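Peer 1: I have a structure I would like to understand better, so I am pasting it below and will then ask my questions one at a time.
What follows is calculated from the coordinates using simple rules that are stated; it is not laboratory data. Since the structure is predicted, the reported quantities are computational estimates derived from the model, not experimental observations. Please note: Cβ atoms are built from the backbone with ideal geometry, for glycine as well, and neighbour counts cover all protein chains shown.
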Amino acid sequence: GAVVSQHPSWVICKSGTSVKIECRSLDFQATTMFWYRQFPKQSLMLMATSNEGSKATYEQGVEKDKFLINHASLTLSTLTVTSAHPEDSSFYICSASLVRAFFGQGTRLTVV
Amino acid sequence: DQQVKQNSPSLSVQEGRISILNCDYTNSMFDYFLWYKKYPAEGPTFLISISSIKDKNEDGRFTVFLNKSAKHLSLHIVPSQPGDSAVYFCAASANTGNQFYFGTGTSLTVIP
């Protein structure tokens with residue numbers, strides 16, 4: 001089946017630094033990818049829709065200047081958390097759809 | 001506004017018995033529904049799906065039922081096994097796009 005690969009699976013960074021998370025569709029082309037964030041005991045909250053070759057669409061309340069999304073090719077979308085703070089610590093998951101949604105393994109971000 | 005709701009945050013079931021997880025939705029445009037299983041610190045994995053033209057779909061121990069008039073779907077796991085212990089998310093999408101809306105999840109614990 002279709003596979004979406006997310007990297008890194010776990011990252012710790014210092015407050016004020018930036019972290020890039022990659023999401024790749026391994027065996028299919030994805031013009032659209034989605035980035036989610038999960039807080040403890042909460043659902044997957046859609047952050048933004050990543051569109052290949054154009055600007056990402058952000059959900060209400062998500063700071064686009066803080067969460068930079070780049071979808072440079074049909075198989076790669078990146079999420080960069082800029083000037084990270086401890087409150088950005090969370091589990092980030094990407095997905096791409098081919099009939100149904102396929103998810104990456106997720107990235108556990110801890111900002112210290 | 002939560003368009004997909006799972007009102008039971010947790011469920012405990014004895015091994016061998018039936019697990020029933022429920023999901024309600026509000027958007028009548030949803031026509032494709034999925035259940036995902038998620039372990040801690042991992043991305044969700046697809047379990048089973050159903051389209052709005054059907055009211056039941058079965059795959060081994062897993063059966064999903066859809067009641068369109070009530071905007072309700074349920075996942076039945078029979079017999080339940082300890083390895084089924086995880087968080088289960090239901091998700092829905094409309095034929096207008098490939099964005100999926102997720103419920104808040106139900107944490108299932110199967111007691112040996």
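Peer 1: Which aspartates and glutamates, if any, have their Cα less than 12 Å from the Cα of B:Lys5, not counting same-chain residues under 8 positions apart?
Peer 2: B:Asp24
Peer 1: Going down the table (A:Lys20/A:Lys66; A:Lys20/A:Lys64; A:Lys14/A:Lys66), which pairs top 20 Å between alpha carbons?
Peer 2: From A:Lys20/A:Lys66; A:Lys20/A:Lys64; A:Lys14/A:Lys66, over 20 Å: none.
Peer 1: Extending each Cα 7 Å along its Cβ direction at A:Ala72 and A:Ser9, get the distance between those two points in nm, one decimal.
Peer 2: 2.5 nm
Peer 1: Could you tell me what % of all Cα pairs in region A:48-112 have separations over 19 Å?
Peer 2: 35 percent
Peer 1: Calculate the spin-label point distance for B:Ser74 paired with B:Tyr39, positioning each point 7 Å from the Cα along the beta-carbon direction, and give it in nanometres.
Peer 2: Going by the 7 Å Cα→Cβ label model, 2.9 nm.
Peer 1: If you take the beta carbon distance between B:Glu58 and B:Arg17 as r and set R0 to 22 Å, what does 1/(1 + (r/R0)^6) give as a FRET efficiency, to the nearest 0.05?
Peer 2: That gives a FRET efficiency of 0.75.
Peer 1: Equivalent ellipsoid semi-axes for the protein assembly as shown, as square roots of 5 times the alpha carbon gyration tensor eigenvalues: give them largest first, rounded to whole Å.
Peer 2: 30, 20, 15
Peer 1: Could you calculate the FRET efficiency of A:Lys20 with B:Gln2 from 1/(1 + (r/R0)^6), where r is the beta carbon distance between them and R0 is 22 Å, rounded to 0.05?
Peer 2: Once rounded, the FRET efficiency stands at 0.10.
Peer 1: Where Rh is the Kirkwood radius over the Cα pairs of chain B, the temperature 37 °C and the viscosity 0.692 mPa s, what D in µm²/s does Stokes-Einstein return?
Peer 2: The calculation lands on 235 µm²/s.
Peer 1: Along the Cα→Cβ direction, 7 angstrom out, place labels at A:Lys55 and A:Thr82. What is the inter-label distance in nm?
Peer 2: Taking the simple label geometry, A:Lys55 and A:Thr82 are separated by 1.3 nm.
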